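Laboratory data are not the source of any read-out in this text; all were calculated from the coordinates shown. Please read these numbers as outputs of a predicted model, since none were measured by experiment. Cβ: placed from backbone, ideal geometry, glycine included. Neighbour counts: every protein chain shown.
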Amino acid sequence: SQQGEEDPQALSIQEGENATMNCSYKTSINNLQWYRQNSGRGLVHLILIRSNEREKHSGRLRVTLDTSKKSSSLLITASRAADTASYFCATDGGNKLVFGAGTILRVKS
Amino acid sequence: KAGVTQTPRYLIKTRGQQVTLSCSPISGHRSVSWYQQTPGQGLQFLFEYFSETQRNKGNFPGRFSGRQFSNSRSEMNVSTLELGDSALYLCASSLAGGYYNSPLHFGNGTRLTVT
């Protein structure tokens, strides 16, 4: 079963706009990670946020974590066509990393 | 540093056959995890190996097995293939395992098609 659930399932925006994706999870976590997957390729790690952190930045990425609501969000600012991909949140559940179903992001140029 | 290498990239097999997939992790990484990705089920955890020992296993039938060698390279085997085994199989390596605050580094996967 999936620990994390992303919302929305799909998102289409214009280049230059911001994209926000949300992830909700069910049980307590030690960390939450975000990954990107381009079509037919492997996943690429974007950012890891620990349970005692509330916000983390990496370039154009901003991740927030609210453990009281069991939710996280990924914000991509000033999106580019190259950001078109699927984005997954992953949480540590039962001694393994469990991935959500993902958000498909399409950035139109 | 070379990334995670998975071979072969594509495979086409017939129902009932068996298949072996290979994964070479990033140098120095001792943990190797395997995932199955399908459009319907998403990313499903198969198993994780650390220093040649299976540390964790997902909810897959015994037809799915794996092993890790002393150089950390890993193989997974699927016997008596079924149509539903068609999927992208992803291998990921990390220093300690993704749940130990250690990110996973994925290969580009092996696309298995069972006919």
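Considering the dipole of chain A built from charges on the beta carbon (Lys and Arg +1, Asp and Glu -1) around the Cα centre, which of A:Thr27, A:Ser71, A:Leu48 is farthest to its positive end?
Of the options given, the answer is A:Leu48.
Give me the log10 of I(q) over I(0) for segment B:16-115 at q = 0.12, 0.21, 0.22 Å⁻¹, as the Debye formula computes it from C-alpha points; what are the numbers?
Here log10 of I(q) over I(0) equals -0.35, -1.05, -1.15.
Just to be sure I understand: of the beta bridges DSSP finds with both ends in chain B, what percent are antiparallel, rounded to 5?
In chain B, DSSP labels about 90 percent of beta bridges as antiparallel.
Quick one: order A:His45, B:His105 by neighbouring beta-carbon count within 10 Å, fewest to most.
A:His45, B:His105
Give the Rg/Rh ratio for chain A, taking Rg as the radius of gyration of the Cα atoms and Rh as the Kirkwood radius, to two decimals.
Rg/Rh for chain A comes to 0.95.
How much length would be gained if the chain were fully extended between B:Glu52 and B:Thr38, taking 0.36 nm per residue of separation minus their Cα-Cα distance, in nm to one decimal?
This chain segment gains 2.3 nm when fully extended.
Using each residue's phi in segment B:44-49, evaluate 6.51 cos²θ - 1.76 cosθ + 1.60 at θ = phi - 60° and report the 3J(HN,Hα) Karplus result to the nearest Hz, with x for Gly and Pro.
Per-residue couplings from phi come out as 10, 6, 9, 6, 10, 10 Hz.
For the protein assembly as shown, what is the Kirkwood hydrodynamic radius in Å, using each pair of distinct C-alpha atoms?
Taking every pair of different Cα atoms in the protein assembly as shown, averaging 1/r and inverting gives 17.8 Å.
So if I take the centroid of the Cα atoms in segment A:36-109 and the same for segment B:7-55, what is the distance between those two points in Å?
Result: 23 Å between the Cα centres.
Sort A:Lys69, B:Lys57 by Cβ crowding within 10 Å, fewest neighbours at the top.
A:Lys69, B:Lys57
Can you order the peptides B:36-45, A:93-102 by their average number of other Cβ atoms within 10 Å per residue, highest first?
Put in order of decreasing packing, that is A:93-102, B:36-45.
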